[in-house]
Each structure stands twice: as structure tokens, then as C-alpha cells.
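Structure first, then comments.
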Amino acid sequence: MGRGLGAAPVSPRLASLGAAALALLVAAALPSPAAGAGLNATAVLSAFPNFADFARLLASTPVASELAGRSSLTLLAVPNANLPQSPSAFVAGADIADVLRYHVLLEYLSPSDLARLPPSGKLVTTLFQTTGRAPSDFGAVNLTVGPNSTVVVRSPAPSPGSSATVLGAVTAVPYNLSVLAVGGLIVPSGFDLAASESRPPPPVNITRVLTDARGFYVAASMLQASGVASEFEADERGAGITVFVPTDDAFAGLPATDRLQSLPAERKAVVLRFHVLHSYYPLGSLESIVNPVQPTLATEHTEAGHFTLNITRVNGSIAIDTGIVQASITRTVFDQNPVAVFAVSKVLLPKEMFSRGDSGSTAMVPPSVAMAPGDAGTEQTPQTRLSSPPDLHGEDSESSAALATAKGTSWWCVGLMYLHLLLSLV
């Protein structure tokens with residue numbers, strides 16, 4: 001009996017695969033929701049509390065909505081610790097929105113793109129250039145490679161308004177938005193900064209910088225507990241300061257003999273001051289430093305030649321030698337004139353307080369005491385009353401027996417003399 005012609009049966013597995021393929025084809029034909037909705041830079045930054053202040057500043061201006069209609073951008077975001085307390089006052093006489101537009105590059109730049117920058121640098125147009133308020137091409141920024149492969153962002157004008165160092169990548173929406181951290185607000189050339197320059201900027205809160213940077217919990221805690229943070233802020237004025245901060249791993253790697261937490265408060269403060277130079281040195285200046293032996297803040301509390309650091313360039317990196325510890329700079333934590341903060345691989349132990357044993361390990365040296373309380377002077381005061389001679393005991397028993405023998409011998413000699421005298425008379 002003949003069988004009618006019909007469709008071949010389809011297995012459930014093939015049917016489900018076919019449905020999935022059809023769904024993918026339909027999805028590919030439709031515009032993606034992300035492209036239709038545009039960029040939401042503040043939502044991207046919301047995942048990073050360290051940039052909450054910059055995100056709020058962005059949301060308070062029209063710039064956030066302007067970004068929503070664009071794609072393929074690079075946002076130069078400023079961490080909380082690097083933002084001035086009042087950004088609007090910092091750019092007195094200028095529109096803060098234009099300053100933020102100057103932080104939006106109209107090109108997607110990944111960290112690998114920055115690594116391929118030519119020696120002459122790269123000129124990149126910013127959102128500020130599109131406003132028509134930027135003279136010539138001063139609405140662009142010039143990305144140049146500095147010492148130690150650091151990237152610096154500055155105005156192409158002969159007299160740039162300001163510059164900042166790229167601290168690293170924050171996050172990215174591939175080929176749509178790249179977020180890079182920079183060391184401070186970048187102000188376009190021509191903006192009137194006279195009002196802000198006439199006022200001394202507020203001091204940088206080093207403890208907050210370390211807390212926001214993460215990985216410096218021990219150093220931040222010691223700094224806050226010691227009270228020397230206020231000294232650092234006072235020293236920022238004038239020549240500025242350079243701070244070398246050991247990471248938490250560096251503290252964890254200390255030998256058991258070097259327990260800084262057990263030090264008295266005043267000696268702990270000396271160690272913290274030993275990590276600070278009383279001059280602002282960006283990374284490039286440290287690499288080309290003329291005098292490798294540098295005094296520290298601890299030197300200022302003692303005398304010249306003590307508590308110094310030897311800073312040299314070794315195998316492409318900056319080495320710091322205390323005389324018993326050799327450390328290296330691992331990264332830039334904060335760099336905004338007049339303060340530079342660098343992470344170092346080891347805790348810098350001063351040779352004046354620690355010694356190195358034969359095995360290379362270090363040990364704490366007891367503090368030098370000018371005069372102990374019991375040794376108030378070398379002059380002997382006369383006794384107010386006679387005192388009995390001390391009893392001889394213990395380890396002095398042998399000398400006591402010798403003294404008794406000597407006494408017995410002397411009396412025996414005297415007796416013989418008297419006997420000889422009596423015999424001569426008879």
C-alpha cells in the first residue's frame with residue numbers, strides 16, 4: 001500500500017537549535033538597546049565609589065546628557081581625593097561644564113592605545129572643541145609619554161592652563177566608552193585662574209588618598225593614629241612633599257623582629273617622617289635626581305646627615321636605599337603639584353633605628369638614652385650615715401674564703417714574732 005508524501009519528522013533537539021538560531025538572526029537585525037539609549041556615563045561611574053564626586057559633578061551639568069547622544073568616547077575621570085573641595089571656585093570665571101567637556105575625548109582610547117603613542121604625542125579633540133568657544137585648536141588635548149612610560153594630558157597651547165597624569169584604566173564599555181583616571185582637573189588654556197591661584201589651595205588629605213587608593217590600610221591607619229598627617233599637610237606649602245607609602249603586602253612581609261606597631265608613638269612617628277621628602281618630585285624628577293642622597297622630614301627633627309634616603313635609577317625603575325633596606329617604586333598613587341605619593345615595595349626602615357644581622361634580617365635598635373633616670377650624674381654624694389659593708393655571698397663565697405685565710409695567716413705571723421722576742425730575752 002503506497003505511503004503519502006509528507007514532511008519528514010524533526011527531532012526536538014534540532015527544533016530547539018533552529019529556534020535559537022532564528023532568535024539570534026532577529027536580534028542581529030534589530031538595533032541594540034545600548035546604541036538606542038546612548039551612553040550613561042554616570043551609571044558607569046556609579047560602580048566605582050572612588051569617583052562618586054566626579055560622577056555627581058558630571059550629573060549636575062548638561063554634559064551627562066550630551067554624552068548620551070554620542071559613542072566611541074574616552075572619559076578622563078578624577079578620583080575623589082584629587083578633586084578640589086569646590087571645583088567651581090577652582091575654575092573661577094569659567095564654566096565648570098566646559099572644564100568637564102575638556103575631559104571628554106572624542107575618540108575611544110584603550111590602555112593599549114596609550115602604550116602605542118608616538119614620541120611626539122597625539123592630539124585628540126575634546127567635547128569642549130565642539131562648543132565653538134575654544135580658540136583655534138585649544139579645545140584639544142595633547143597626550144604625551146613621560147618618563148617611566150607615564151602618559152601626561154595637557155593643552156597644546158604654548159602656555160597650557162594645566163596638565164594631569166593618567167593614573168590608569170578604570171573601566172570600559174568596549175569601543176563605546178573608555179574611562180581613564182587622571183591625577184586632577186585639566187583646565188583649558190585661556191581660562192582665568194588668577195582668582196584661584198591667589199588663594200592657597202586646600203591641603204591634600206594624604207590619609208584619604210591612601211584610603212581611596214586601596215591596598216594601603218596599614219599605612220593609612222598608622223598615619224591617622226600618629227598625628228603626623230597634620231605635619232604633612234603643613235609641609236605641602238612651599239616646596240611641597242613627596243611621600244613613599246609601603247603597601248599592605250610590604251607591611252605583611254616585615255620580619256617578626258621589626259614590629260612597628262609595638263614601637264612607642266614618638267619612634268613610630270619618626271619612621272613615618274622617614275618616608276617623606278620635603279620637596280615635590282614627580283616621577284620624572286625622581287628618575288633624573290641630581291643628588292641621590294635626600295634628607296627626609298625625620299632629618300629635620302634630628303640633624304643633617306641622619307635619616308636620609310639614597311634614590312637612584314636601577315634597571316629602569318627607581319630604587320630607594322635606606323642603608324639596610326632596598327625598595328622600589330611600584331606605581332604612582334597621587335601626583336598633583338605640590339604633592340606626589342608613590343607606592344613602594346618595602347617598608348623603609350632607617351638604619352639609625354634598625355640594624356641588619358649577618359643573615360640579612362633586621363632588628364630594632366634600642367633608643368639612645370642621653371642619661372638614664374638612675375644615672376643623673378657622675379658625682380658621688382656623701383653618705384648621711386655609716387653603712388655596714390655588704391655581705392659576700394653567692395658567687396663571692398670563694399673570695400670571702402680567701403680573705404679569711406689571709407687574715408688567719410697574718411695573725412699567725414704576729415704570734416711567731418712575739419714568741420721569738422720572748423726567747424731572745426731569756
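Accessible area of the range 206-344 with a 1.4 Å probe: how many percent of it is carbon plus sulfur? Don't skip to the answer; put the middle values down first.
Values: 3150 of 6080 Å².
The value for the range 206-344 is 52 percent carbon and sulfur by accessible area.
Placing +1 on each Lys and Arg Cβ and -1 on each Asp and Glu Cβ, with no other charges, gives the range 206-344 a dipole about its Cα centre of roughly 180 debye. In this simple spin-label model, placing a label point 7 Å from the Cα along the Cα-to-Cβ direction at both Y175 and T130 gives a separation of 2.0 nm. Converting phi to 3J(HN,Hα) with the Karplus coefficients 6.51, -1.76 and 1.60 and the offset θ = phi - 60°, the range 65-74 yields 6, 5, 6, 4, x, 10, 8, 6, 10, 10 Hz in sequence order, with x at every glycine or proline.
Would the range 247-318 count as rounded, prolate or oblate if I go by the C-alpha gyration tensor, calling it rounded below 1.5 in a/c and otherwise prolate when a/b exceeds b/c, oblate otherwise?
oblate
Working from Cα pairs under 8 Å separated by at least six residues, relative contact order for the range 38-182 is 22 percent. Each Lys and Arg adds +1 at its Cβ and each Asp and Glu adds -1 at its Cβ; summed about the Cα centre, the range 38-182 shows a dipole of about 120 debye.
The values are calculated or read from the model by the stated rules, or taken from the named source; none is laboratory data. The model shown is predicted, which means the values in this text are computed figures rather than measured ones. Because the Cβ atoms are built from the backbone with ideal geometry, glycine has one as well, and the counts that use them run over all protein chains shown. These area figures cover heavy atoms from the full protein model, side chains too; ligands, DNA and RNA do not enter into them. Shrake-Rupley method; radii C 1.70, N 1.55, O 1.52, S 1.80 Å.
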